[in-house]
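J.: Got a structure here, written out as structure tokens. Questions coming.
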Amino acid sequence: MKNKGAFISALKKEIFLRKDYLSPLSFGGGVGVRSVYFGGGTPSLLSQKEIMEIFEVLHKYFSIDLNAEITLEANPDDL
């Protein structure tokens, strides 16, 4: 994937820019994010390292529930 590095950098920047979007007050007392969805554009092309890199940034700026639903859309041909 030609621009995968640029995409991941842009996604991490977007996470930072949206860090105040889901403030604790939005959840009525600090309930964390309940769902993380990777979809469209074949996210199954991301490596484990790249997914972990994205999650490190997510965890830095958002509180993700321990029981959050995490979904990664996949093209069966890529698996």
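The values are calculated or read from the model by the stated rules, or taken from the named source; none is laboratory data. Keep in mind it's a predicted model, so treat the numbers as computed, not measured. Every residue, glycine as well, gets a Cβ built from its backbone with ideal geometry; the counts of neighbours run over all protein chains shown.
J.: I need the full set of residues from segment 9-25 which are at pLDDT 90 or above and within 23 Å of residue 65 (Cα to Cα), in order please. Spell out how you get there, then give the answer.
T.: Narrowing segment 9-25 to residues at pLDDT 90 or above: 9-17.
Those that are at pLDDT 90 or above and within 23 Å of residue 65 (Cα to Cα): 11, 12, 13, 14, 15, 16, 17.
J.: If you go through segment 63-79 one residue at a time, how many are more than 14 Å from residue 51 (Cβ to Cβ) and in contact with a Lys or Arg (Cβ under 9 Å, 6 or more places away or on another chain)?
T.: Residues in segment 63-79 being more than 14 Å from residue 51 (Cβ to Cβ) and in contact with a Lys or Arg (Cβ under 9 Å, 6 or more places away or on another chain): 4 in total.
J.: Within segment 34-54, track down each residue that is surrounded by 13 or more Cβ atoms within 10 Å (Cβ to Cβ) and within 11 Å of the chain's Cα centre (by Cα).
T.: Answer for segment 34-54, where residues must be surrounded by 13 or more Cβ atoms within 10 Å (Cβ to Cβ) and within 11 Å of the chain's Cα centre (by Cα): 36, 38, 43, 50, 51, 53, 54.
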